[in-house]
Amino acid sequence: MRKLVAVLLFAALAAPVTFARPQSSAGDTGQQNSEDKKEKKDKKKKDKSAPKDEVNTEVFSQAVANDVLGQVRDGLEGHSQRLMLGAFDQDKMDGYLSFEDQIEALFARYDSFRVHYRISNSSVEGSKAVVLVDWEMEEIPKSGGGPARRNGQIKFQMERGRKGWKIVDVSPRGIFS
């Protein structure tokens, strides 16, 4: 009896499985395919128009501060001066050209960076936002040797301009030298 059950079970498992498509007339198939395509196209349109999880940059918030500071971090870690300096407003920042030179020298001295930050406080004072950040940066020198580490609290002042929120002042600037 056990052999018979085992043989039947094996036969059932070994049998090929085929899936049959529902039968429809030739005219229905073409119409259904075009309806399916239209339905897929409509679904894609809905997906594109669906609200996305974007940061509202009209009003200053911690998310806005994280976006701006994230750009600074991404520029450093990606070794891209252009990306990093894109977070700063060159028209409104006093001493921007010397700060740009300072950043250029920083990138020339170090091969790579690792950045960690934590926003400890943020507030809005008139049209400016002030963000206090606990900053840690590890720098790998191009000349070899061990990594250098810097940490401290940095005060970033941000202001909303034509292109969104940008940094208009940072102190102490020596953390980037």
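We did not get these values from a lab; they are worked out from the coordinates using the rules stated. These figures come from a predicted structure and were not determined experimentally. For neighbour counting, all protein chains shown are included, and Cβ atoms are generated from backbone atoms with ideal geometry for every residue, glycine included.
Summary table below
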{"quantity": "Extension gain from V59 to S80, taking 0.36 nm per residue of separation minus the Cα-Cα distance", "calculated": "4.8 nm"}
{"quantity": "Surrounding net charge for A148, when Lys and Arg each add one and Asp and Glu each subtract one, Cβ distance under 14 Å", "calculated": "+1"}
{"quantity": "More than 15 Å apart - percent of Cα-Cα pairs taken over segment 51-125", "calculated": "63 percent"}
{"quantity": "Convex hull volume of segment 62-176 per residue (C-alpha atoms, cubic angstrom)", "calculated": "91 Å³"}
